[in-house]
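Here the structure comes first, spelled out in structure tokens, and everything after it is commentary.
The values are calculated or read from the model by the stated rules, or taken from the named source; none is laboratory data. Since this is a predicted model, take the numbers as computed values, not measurements. Using ideal geometry, Cβ is built from the backbone for each residue, glycine included, and neighbour counts are taken over all protein chains shown. Note: areas computed on protein heavy atoms with side chains; ligands, DNA, RNA excluded. Shrake-Rupley method; radii C 1.70, N 1.55, O 1.52, S 1.80 Å.
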Amino acid sequence: MSPLHRLTTASRRFTTGLVISLAAVLGFGAVAFASPHDSGQRKPDTPKPTIVLVHGGWDNSSGWDPVVTALQRRGFPVIAPANPLRDLAADSAYIHSVLETINGPIVLVGHSYGGAVITNAAVGVPNVKALVYIAGWALDQGESIGTLITKFPGSLIGPATTIGRPYPLPDGSQRTDLYLTRQGVATAFAADVSPTVQAQIFATQRPFSVDAFNSTSGVPAWKTIPSWYLVTTQDKAIPPATQLFMAKRAHARITEVSSSHAVMYSHPDRVLAIILQAAESLN
């Protein structure tokens, strides 16, 4: 080998080593360099869907906190909007307006009354690709929570577990909000969480309007959008038999968990798992 060839080879080795070293320092690593045989046709990673979490009556968006954290750690964009809890048509229209601002595929999740909201809100939003009901009301057209809650026995929601409080409307008329009593939280809503968490739920609960309770549903989105359903088998708010009836009618993929109605608090891992199932189905 000639001295000139040896010098050229050494120079190339030095340059290559310097570039790789700089790449490592800057955090790119060796994978940033394409091999001579790389065609450059590698498909980009499929974008993750946005997960939209809609809470139900007597709850608020913070009830999703453990689920939000777990989803964000996995790289999912997450939105947990405040559900107004005033009237099914108005609440659904509000969530619908949120959905229309989101680009890309959406997995829409609803707990309890939030299930009734997503059933209506997803209609006409083509990028909603999956519905996930977490012990949620998957109502059919013309149904209300007030009529369906008596279909099967077992619910403890009623006069003994709720407090009615009037609230004013701008026109001077009044409507009625329902709040859970302490006993209602402990028995009907969140029987399997600690007394400390029960006290927090009681103190921070958002009222559930009687109008929302009695509003009738429109054409349900579950007739055209694939659905998943997490049935809470120890539920004293929505009887498990009612949940199964709605889930089977919607042809949902059903998972069961031994939980109270407040499953996001007591079993957030199971809630996360079914949301991930729905998200992975879009790949």
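The alpha carbon convex hull volume per residue for region 151-283 rounds to 145 Å³.
Computed from the C-beta positions of Thr233 and Thr181 and an R0 of 22 Å, the FRET efficiency is 0.35 to the nearest 0.05.
For the pair Ala273 and Gln174 in one chain, pulling the backbone fully straight at 0.36 nm per residue adds 31.5 nm over the alpha carbon distance. At a probe radius of 1.4 angstrom, the accessible area of region 220-263 per residue rounds to 36 square angstrom.
Between the beta carbons of Thr216 and Leu282, assuming R0 = 22 Å, the FRET efficiency works out to 0.10 to the nearest 0.05. Name the shape class, rounded, prolate or oblate, that the alpha-carbon gyration tensor gives for region 220-283, where a ≥ b ≥ c are the square roots of its eigenvalues, rounded holds for a/c under 1.5, and otherwise prolate holds if a/b is larger than b/c and oblate otherwise. It comes out oblate by the Cα gyration axes.
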